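Notes for the one structure printed next.
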Amino acid sequence: TQIQHIRDRLHRPISIAQWYAPSQIQLPDYPFPHNHGLGNAITFYCEGFIGKQIYRFLEPWWQGGLGYVSRYPYLCYVDARRDRVRWFHD
């Protein structure tokens, strides 16, 4: 449901790069938090946007974790944690 809300706000489909991944198969240099092992996080991209644009668009609205890393310019990360957490690496 929350992912659909993101799609609705962007007015475009999103493509999920990573969703559920047990921690033992995650790459050690993976720049995003490791909430994927719980299945409550996604790393995604959206055609026509870079990660920083998605981040800025979702930042005032998204209630969980939100981040991006400029090393992966088209990806954005969201998770369903209860706390509002923001991070980015330029």
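Each residue in the stretch 43-69 was checked for being surrounded by 12 or more Cβ atoms within 10 Å (Cβ to Cβ) and either outside any loop (DSSP other than H, G, I, E, B) or at positive phi (or both), and 16 pass. Among the residues making up the stretch 70-90, those that are open to solvent by 10 Å² or more (accessible area, probe 1.4 Å) and either touching a Phe, Trp or Tyr at 6+ places or on another chain (Cβ under 7 Å) or of a type in the set (A, V, I, L, M) (or both) are Y74, L75, A80, V85, F88.
The values are calculated or read from the model by the stated rules, or taken from the named source; none is laboratory data. Computed from a predicted structure; not experimentally measured. Using ideal geometry, Cβ is built from the backbone for each residue, glycine included, and neighbour counts are taken over all protein chains shown. In case anyone asks, the SASA skips ligands and DNA or RNA and just uses the protein heavy atoms, side chains included. Shrake-Rupley method; radii C 1.70, N 1.55, O 1.52, S 1.80 Å.
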